[in-house]
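Single-structure report; data block below.
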Amino acid sequence: MNSLYTAEGVMDKHSLWQRYVPLVRHEALRLQVRLPASVELDDLLQAGGIGLLNAVDRYDA
C-alpha cells in the first residue's frame, strides 16, 4: 500500500487508476445482466472509466 504514495505522501493518480479499474469492470459486468441487451458492455466500461477518472482527479489524500 505504501507504494501508492509519492515522496510528498500523496497517492499517485496512476496507481489509484490501476487499483480501481478492476472494480469498474466488475460492476459493469454485474450491471450488464440487469440491463437490456441494447446496452453494451463497452458503453458501461466507458461510463465507469469516466466516473473513475473524475473520482481520481477529485481525490485528495
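The values are calculated or read from the model by the stated rules, or taken from the named source; none is laboratory data. None of these values were measured; they are calculated from a predicted model. Here the Cβ is made from the backbone with ideal geometry for all residues, glycine too, and neighbour counts use every protein chain on show.
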Worksheet entry | Members of region 1-37 that are touching a Ser or Thr at 6+ places or on another chain (Cβ under 9 Å) and modelled with pLDDT of 95 or more | none
Item to complete: Identify all residues within region 38-58 that are over 17 Å from residue 22 (Cβ atoms), at pLDDT below 95 and either in contact with a Lys or Arg (Cβ under 8 Å, 6 or more places away or on another chain) or not in a helix (DSSP H, G or I) (or both); write none if there are none.
Response: 57
Item to complete: Please work out which residue is nearest to the chain's Cα centre (by Cα), limiting yourself to region 15-60 and to residues that are surrounded by 11 or more Cβ atoms within 10 Å (Cβ to Cβ) and of a type in the set (Ser, Thr, Tyr).
Response: 20
